[in-house]
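Trainee: Below are the structure tokens for one structure; questions will follow.
Laboratory data are not the source of any read-out in this text; all were calculated from the coordinates shown. Because the structure is predicted, anything quoted here is derived from the model rather than measured. Neighbour counts run over all protein chains shown; Cβ positions are idealised from the backbone, glycine included.
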Amino acid sequence: VNVASNFNVNDLKLQIDHTKHLFGFGTQLRSDYIVSPDYKQLQNIIYYLFNWATIEEYKWTYNRGTREHPDFTMAVAATDELRKHGLNVRGHCMFWAVGGATQPSYVTAMSGQTLKDTVDEHIRYMTGITKGKLSHWDVNNELLHGNFYESKTGDDHYTQHMFRTVHSLDPTPKLFLNDYSVVANGEYTL
């Protein structure tokens, strides 16, 4: 602001409106919050406040279809809607390194080459429905807390295969290993 030298600064009233973040600022969302008209007020708040969103329904256990005919249409629809409103989207998560309920039951029962083939099939499917839509992908979640895929395939470096395969099929998103308790207390990094 330029003012005359005899201007009294106390007479100045200045208002600044923040219109865009210079850094990623986002939230995690359920898909129905974005695609359902019942949440219009929440949607408007999200579109106003954030430039990033994480959709968690890309988890394998969130498949609304069957093994043979997977259905992640809600997650993809939410991703499309968020992108239409200018938000970057992070997909969470293609795989989960902790066993048990984080895996579909048919996956938990697999091992060796059968599991590897199923993982590759899942990667092809997920990258096929999201290609070019996600800015970030959490490829394998909580690898510091579990080693489900390494243990069941017998390959200590199996997560590298996952990352390479995802990247070869969709080079657009940045790929991540998502975890917790890494920096705050170093519990899993010492």
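Trainee: With runs of 4+ DSSP H residues as the only contributors, calculate the mean residue ellipticity of the chain at 222 nm using -39,500 (n - 2.57) per run, divided by the residue total and rounded to the nearest 500.
Mentor: Per the formula, -10500 deg cm²/dmol.
Trainee: Treat every Asp and Glu Cβ in the stretch 26-178 as -1 and every Lys and Arg Cβ as +1, leave all other atoms uncharged, and give the resulting dipole magnitude about the Cα centre to the nearest 20 debye. Working shown, then result.
Mentor: Numbers: 15 positive and 17 negative charges, 75 e Å.
Charge dipole, the stretch 26-178, about its Cα centre: 360 debye, nearest 20.
Trainee: Where in the stretch 137-190 are there GluC sites (Glu not before Pro) that are in a DSSP coil and have at most 15 other Cβ atoms within 10 angstrom of their Cβ? Working shown, then result.
Mentor: On the way: sites: GLU142, GLU150, GLU187; in loops: GLU142, GLU187.
Within the stretch 137-190, the qualifying GluC sites (Glu not before Pro) (loop, at most 15 other Cβ atoms within 10 Å) are GLU187.
Trainee: How would you order 115-122, 3-10, 63-70 from highest to lowest mean count of nearby Cβ atoms within 10 Å?
Mentor: Listed from highest to lowest mean packing, they are 115-122, 63-70, 3-10.
Trainee: I've got another one for you. With the crude spin-label approximation of a point 7 Å out along Cα→Cβ, what separation in nm comes out for TYR33 versus SER168?
Mentor: Placing both labels 7 Å beyond Cα along the Cβ direction yields 3.7 nm.
Trainee: Over the stretch 69-190, what is the relative contact order in percent, taking alpha-carbon pairs closer than 8 angstrom and at least six residues apart?
Mentor: Rounded, it is 30 percent for the stretch 69-190.
Trainee: Further question on the same structure: For the peptides 34-43, 50-59, what is the packing order when you average, over each peptide's residues, the other Cβ atoms within 10 Å and list the highest mean first?
Mentor: 50-59, 34-43
Trainee: In the structure displayed, which of LYS116/LYS174; LYS13/LYS84; LYS20/LYS59; LYS40/LYS174 lie more than 28 Å apart, Cα to Cα? Don't jump to the answer; show the numbers that get you there.
Mentor: On the way: LYS116/LYS174 23 Å; LYS13/LYS84 36 Å; LYS20/LYS59 30 Å; LYS40/LYS174 30 Å.
Those over the limit are LYS13/LYS84; LYS20/LYS59; LYS40/LYS174.
Trainee: Projected onto the charge dipole of the stretch 26-178 (+1 at Lys/Arg Cβ, -1 at Asp/Glu Cβ, origin at the Cα centre), which of MET74, ASN147, ALA101 gives the Cα projection farthest towards the positive end?
Mentor: The one lying farthest along the dipole's positive direction is MET74.
Trainee: Now for a separate question. Rank LEU169, LEU14, LEU82 by mean-square fluctuation in a GNM of the chain with C-alpha springs under 10 angstrom and give only the top-ranked residue.
Mentor: Evaluated over the chain, the most mobile residue of the options is LEU14.
Trainee: Sticking with this structure for a sec: Express the Stokes-Einstein translational diffusion coefficient of the chain in µm² s⁻¹, to the nearest whole number, given a Kirkwood radius over alpha-carbon pairs, 20 °C and a viscosity of 1.002 mPa s.
Mentor: Answer, rounded: 114 µm²/s.
Trainee: Using DSSP to call loops (not H, G, I, E or B), can you name the trypsin sites (Lys or Arg not before Pro) in the stretch 130-186 whose Cβ has at most 14 other Cβ atoms within 10 angstrom?
Mentor: LYS131
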